[in-house]
Amino acid sequence: MEIPTKYDPTLVEDKWYKYWMDAGLFHSEPDDREPYTIVIPPPNVTGVLHMGHMLNNTIQDMLVRRARMLGKNACWVPGTDHASIATEAKVVAKLKSEGIDKNSLTRDEFLKHAWEWKHKHGGIILKQLKKLGASCDWERTKFTMDEPMSESVIKVFVDLYNKGLIYRGVRMVNWDPQAKTAVSDEEVNHKEVQSKLYYVRYQIEGEDRFVTIATTRPETILGDTAVCVHPEDERFTDIHGKRVIVPLVNRSIPIILDEYVDREFGTGALKITPAHDINDYEIGDKHNLETIDIFNDNGTLNEKAQLYVGKDRFEVRKLIVKDLESAGHIVKIEDYVNKVGYSERTDAVIEPKLSMQWFCKMGDLAKPALEHVLNDNIQFHPAKFKNTYKHWMDNVKDWCVSRQLWWGQRIPAYYLPEGGYVVGKTAEEALEKAKEKTGNTNLTIADLRQDEDVLDTWFSSWLWPISVFDGINNPENEEFNYYYPTNDLVTAPEILFFWVARMVMAGYEYKSEKPFKNVYLTGIVRDHLRRKMSKSLGNSPDPIDLIKKYGADGVRVGMLLCSPAGGDLLFDESLTEQGRNFGNKIWNAFRLVKSWDIDENIDQPESAKKAIEWFKHRLNAEIENINTLYEKFRLSDALMAVYKLFWDEFSSWYLELVKPAYQKPIDKKTYEQTLEFFDILVKILHPIMPFLTEEIWQLIEKREEGASLMVQRMPEPEAYEKNTIEAFERVKEIISGVRNVRNEKNIAQKEPLHLMVKGSYDNKFNGCITKMANLTSIKDTDTKIDGAVTFMVKSAEFYIELGDLVNVEEELQKLNEELEYNKGFLSSVMKKLNNERFVQGAPEKVVNIERQKRDDAEAKIKVLEERIASLKQ
């Protein structure tokens, strides 16, 4: 079988992905096996692959492929999120580019455009994930606005409304003037900005005195309905009960007293604008103040402002400051740093706004969701995020679930002709409820008006692990009961509350069961300057370009090389290059083995026999270690363990030990065992590098049609001897010692040397040492060998007689340097052992390790001193 000189990912990846797909190897159906389920965090249907997706989906695929090879029935459900704000914004922009204003369309006309856009552009990201090697069950692909998914959302809304957990009311919400919709607290990013603090004076009604307030938002003065001071602030005692005049609009408003006021901020007097600040709203509610909403939905001023009507809020800020200055109301202006809320979706400055919205009560839903994380029924990796989660759940607020958009699940509330409303899963159900509520049997659907708003996108995605298996509409169906709860969720910490916490709530509300057992939280992908990678900064490579350049396996390895759980990932393209180089190393090692000629008549050399013995123990120990790392979700460490096992142990040591001499054949027994090792190694590597390993596995020997590495059983660790592994570490040191002598003395590797040993060491690997170091023999000696070059491994001294090749002065200098180093090392060890608190307080194992270090150092010093003395004779 001809094996190409170079591994070419472009030829291999599409071939094997099609092979896996055609064979149906990604698809899962319930059976007698243990299920292993992951639901993909559904990316926005508007999205394309970015570096965060690459990291997240590499980890998911790694877990799914491993589970499949452990004999589990692995099911990875893919899908996309309808992303109401982001998608509607894209459709509106697309229509605008065509000269169409959204407001000129009916709801149905707009939705027709939105669905056309979704069918054309939606799902690009899923196609891109295939290039990465994602082994999703594509037959199960879901979209959050698929008919059954939307039915689930509407059913849950109605159910929670009937339970008294959904209500409608006027509340202060975070308003996005660009998207013209409310957004939740979690969808607001607070940024520190350089602002101005304006000191504005208000005249006391009927007097020639003024009260000065400080504000960062002078444009909201037009909505002021009170000035508030602290009741114990003696500076203002004489104006209690008086009124002031609002500048420019000349409205008379009361001075009120409330302990909320921070006497240290500004002047200690606070302007109160109940319609445009959450804290002012609460004070206004408490003191029964008038509420004057001066803003339109798009952030311009309305008629209630009286001035600057139709102008944008930030333009008005500049204009009103000039007018206040002209009227003598500005006392001073200071630079001021404060935090301002920005919409996560549009980056518009959030406007606190009183609005009629729908809310979901979170208190009772949050209790089991917190309890089952704190008791580790659901485990976070890393566990530090439990504290973050607890803080949020302890302070959870009611969830504003309505959005002033058209794209999404429309709220199933229907308003009656005479006022009031009913909630029903369908218009027909709502009509029956309306007839019952009003007593009017003549009502028709045409008499009802459905709420214009849609539900928050998260109100569909919080049901995702349930709804992808139709667990809301059909809770007793076979698939839901088999695949739920899912096993592992891989997601980002920034949506711990948006999504993870709410899925946990939904799980306990609708199944009385957790939605997943483990939550693996990835870090944020950052560049070398620690900036978050983003298109807007221009610091993010295109993942598809990286795959074209380095191959999918190279990119997967590169992402994992720098991705500790919960820690930010400092990405550098050199990491994907390192991943590609690792793939080339594996390929070249395989080509080397397959290039050997086999002679069935020659015996197996002792060196090969011992190398096989050692590597079996080393391999099994590492399989056990890798299993433990996976169990602890230390996935980067698992990759490094496999990386080092192949590169350092198998390639650098084992293959060199068994490799036949130049143009000589290899014995059959060693060759077959080496291919068996390769078979095991590609299985361990497969979850990380699926394409390369499938190609090699298919080339190891002829396979049956339809056979694939991805459904082979993962190797299980067999018994191994630690002593053998440790003994071989000494062998490596001995071989390295001989090689160092050759390098120092410029002795070619082809020149055979004779090695003498004084002291004890495990000689069962002498055949390996002889081959790798090119020795004629290894013999014991009870006496020192004068004039020989020496090195030490543990307490054993090794001599190489070089005759006239040894430069005595150079050798003495080297030995003296080594002596000084060992004396310094011994001194540091003795400081510890002479410290009674250390000896008495440290664990016995730790103390014994230090004592062993002392004994080894003393033995080395003795040998070095004797060697120096012999050279000086």
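Close amide H pairs (under 5 Å, H built 1.01 Å from N) link residue 275 with 292, residues at least 5 positions away or on another chain. Rounded to the nearest 500, the helix-only mean residue ellipticity at 222 nm of the chain stands at -13500 deg cm²/dmol, with each DSSP H run of n ≥ 4 adding -39,500 (n - 2.57). For semi-axes √(5λ) of the Cα gyration tensor in Å, the candidate list reads (1) 78, 53, 29; (2) 69, 38, 24; (3) 62, 38, 24; the entry that matches the value derived from this model is (2).
If you roll a 1.4 Å probe over the heavy atoms of the protein chains, what accessible area per residue do you get for region 234-310, in Å²? Working shown, then result.
Numbers: 3950 Å² over 77 residues.
Heavy-atom SASA per residue in region 234-310 reads 51 Å².
Nonpolar atom fraction for the chain, defined as the carbon and sulfur part of the 1.4 Å probe accessible area, stands at 47 percent.
Solvent-accessible area per residue in region 324-412 equals 46 Å², computed with a 1.4 angstrom probe and all protein chains kept.
Could you state the accessible area per residue of region 8-142 in Å², with a 1.4 Å probe and every protein chain left in place?
Working: 5470 Å² over 135 residues.
With all protein chains present, region 8-142 gives 41 Å² per residue.
Projecting the Cα atoms of 629, 592, 615 onto the charge dipole of region 583-638 (Cβ charges, centred on the Cα centre) puts 629 farthest toward the positive pole. The charge dipole of region 196-255, taken about its Cα centre with unit charges on the Cβ of Lys, Arg, Asp and Glu (plus for the first two, minus for the last two), comes to roughly 240 debye. A Cβ-based charge dipole, computed about the Cα centre of region 723-796 with Lys and Arg at +1 and Asp and Glu at -1, lands at about 180 debye. Averaging the sequence gap over all C-alpha pairs within less than 8 Å and six or more residues apart, then dividing by the number of residues, gives region 372-484 a relative contact order of 24 percent. Bridgeable lysines around residue 532 (alpha carbons under 21 Å apart, same-chain partners fewer than 8 residues away excluded): 191, 339.
Determine the dipole magnitude for the chain: charges of +1 sit on the beta-carbon of Lys and Arg, -1 on that of Asp and Glu, nothing else is charged, the reference point is the Cα centre, and the result goes in debye to the nearest 20.
Numbers: 118 positive and 140 negative charges, 219 e Å.
Approximately 1060 debye in magnitude.
The overall shape of region 110-181 is prolate: from the C-alpha gyration tensor, with semi-axes ordered a ≥ b ≥ c, the ratio a/c is 1.5 or greater and a/b exceeds b/c. Between the residues 26, 42, 92, the greatest Cα displacement towards the positive end of the dipole of region 6-125, with unit charges on the Cβ of Lys, Arg, Asp and Glu, is found for 92.
For residue 73, the residues 5 or more places off, or on other chains, whose built amide H falls under 5 Å of its own are 34, 36. Annotation for region 616-694 versus region 243-288: alpha-carbon center distance of 72 Å. Residue order by solvent-accessible surface for 868, 602 is 602, 868, largest first, with ligands and nucleic acids left out and a 1.4 Å probe. Taking Cα pairs under 8 Å and at least six residues apart, what relative contact order does the chain come out at, in percent? Rounded, it is 12 percent for the chain. Listed by chain and number, the aspartates and glutamates whose alpha-carbon sits under 12 Å from that of residue 102, ignoring those within fewer than 8 places in the same chain, are 88. Spatial offset of region 511-551 relative to region 18-81 amounts to 17 Å, using the alpha carbon center of each. In region 266-410, with Lys and Arg counted as +1 and Asp and Glu as -1 at Cβ, which of these residues, 340, 330, 310, has the Cα nearest the positive end of the dipole, that is, farthest along it? About the Cα centre, the residue reaching furthest to the positive side is 340. Rounded, prolate or oblate for region 695-759? Axes are the square roots of the Cα gyration tensor eigenvalues, ordered a ≥ b ≥ c, and the cut-off for rounded is a/c under 1.5. Oblate, since a/c reaches 1.5 and b/c is not below a/b. Counting only residues at least eight positions apart within a chain, or on another chain, the aspartates and glutamates with an alpha carbon under 13 Å from that of residue 644 are 622. Considering only Cα-Cα distances, which of the following residue pairs are longer than 29 Å: 659/702; 610/632; 18/668; 15/683? With Cα atoms farther than 29 Å apart: 610/632; 18/668. Is there a pair in 764/853; 6/130; 72/549 whose C-alpha atoms are over 31 Å apart, and which pairs would that be? Correct reply: 72/549. With the cut-off at 1.5 for a/c, could you classify region 271-428 from its C-alpha gyration tensor as rounded, prolate or oblate? Since a/c reaches 1.5 but b/c is at least a/b, the shape of region 271-428 is classed as oblate. The mean sequence distance of close C-alpha pairs (under 8 Å, at least 6 residues apart), as a share of the length of region 752-828, puts its relative contact order at 31 percent.
The values are calculated or read from the model by the stated rules, or taken from the named source; none is laboratory data. The structure displayed is predicted, hence computed values, not measured ones. Quick reminder, even Gly has a Cβ in these numbers, built from the backbone with ideal geometry, and neighbours come from all protein chains shown. Keep in mind that these areas ignore ligands, DNA and RNA; they rest on the heavy atoms of the full protein, side chains included. Shrake-Rupley method; radii C 1.70, N 1.55, O 1.52, S 1.80 Å.
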